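See structure below.
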Amino acid sequence: MFAFRLIEAGAGRAVVQCDIDDAVRNRQGTLHGGVIATLVDDAGTAAIAGADAQGRFGVTTDLCISYFQAAREGTVTARAQVLRSGRTLAFVSVDVVDTGNRLLAQGRMTKFMPVGT
C-alpha cells in the first residue's frame with residue numbers, strides 16, 4: 001500500500017508528495033504512470049477545493065497527462081495551480097517533479113462543480 005502526503009493546500013494551490021518504492025513501481029522499475037495520474041487528480045482536487053468558495057471537490061470530467069521522464073527512486077511532488085474556477089467548471093494544471101526538481105509529468109484536469117457537493 002502506498003500513501004500520498006498533502007503538504008499544503010489553499011488559495012487555489014496544493015502540493016502533494018509520494019515516495020517511490022516497490023508499491024508504486026511498474027515492471028520496468030520506474031514510477032507507474034497510473035500513480036502519477038492519481039497524484040495529479042489528488043493534488044488538482046485539493047487545489048480546486050481550496051479555490052472554491054463552497055469548498056467543493058467537484059467531479060473529474062477530463063484528465064490529460066503528458067509524461068516526460070521516468071523516476072526510479074526518491075520522492076515525487078505534485079504542484080497544482082487552479083487556472084480558473086467558475087460556477088460549474090474548474091480547471092487546474094499540475095506539475096509532477098522528482099527530488100532534483102526535474103519535470104516528470106504535467107497534467108491538466110477539468111472538474112464539474114455540481115451544486116451541493
Quick one: Karplus J couplings for the stretch 62-76, per residue in order, coefficients 6.51, -1.76, 1.60, θ = phi - 60°, nearest Hz, x for Gly and Pro? 8, 9, 10, 10, 10, 9, 10, 9, 8, 9, 10, 8, x, 10, 9
Determine the sum of side-chain charges near Ala53: Lys and Arg each +1, Asp and Glu each -1, restricted to other residues whose C-beta is under 15 angstrom from that of Ala53. +3
With Kirkwood radius over Cα pairs in Å as the read-out, I listed (1) 15.1; (2) 14.7; (3) 14.1; which label goes with the value calculated from this structure? (3)
Could you compute the FRET efficiency for Gln69 and Ala23, with r as their C-beta to C-beta distance and R0 at 35 Å, rounded to 0.05? 0.95
Residues Ile48, Ile20 in order from fewest to most other beta-carbon atoms within 10 Å are Ile20, Ile48
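Would you kindly state how much longer the chain becomes between Gln54 and Arg84 on full extension, computed as 0.36 nm times their sequence separation minus their alpha carbon distance, in nm to one decimal?
Values: separation 30, 0.36 × 30 = 10.80 nm, distance 1.50 nm.
Between Gln54 and Arg84, full extension yields 9.3 nm more.
Treat every Asp and Glu Cβ in the stretch 5-112 as -1 and every Lys and Arg Cβ as +1, leave all other atoms uncharged, and give the resulting dipole magnitude about the Cα centre to the nearest 20 debye.
Numbers: 12 positive and 11 negative charges, 68 e Å.
The dipole magnitude comes to about 320 debye.
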Summed side-chain charge close to Ile65 - residues other than Ile65 whose Cβ falls under 12 Å, Lys, Arg +1, Asp, Glu -1: -2
Give me, ordered by chain and number, the residues 5 or more places off Leu104 or on other chains with an amide H under 5 Å from its own placed amide H. Val96, Val97, Asp98
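Any read-out appearing in this document is the output of simple, stated calculations on the displayed coordinates, not a laboratory observation. If you're wondering where the values come from, they're calculated on a predicted model, not measured in any experiment. Quick reminder, even Gly has a Cβ in these numbers, built from the backbone with ideal geometry, and neighbours come from all protein chains shown.
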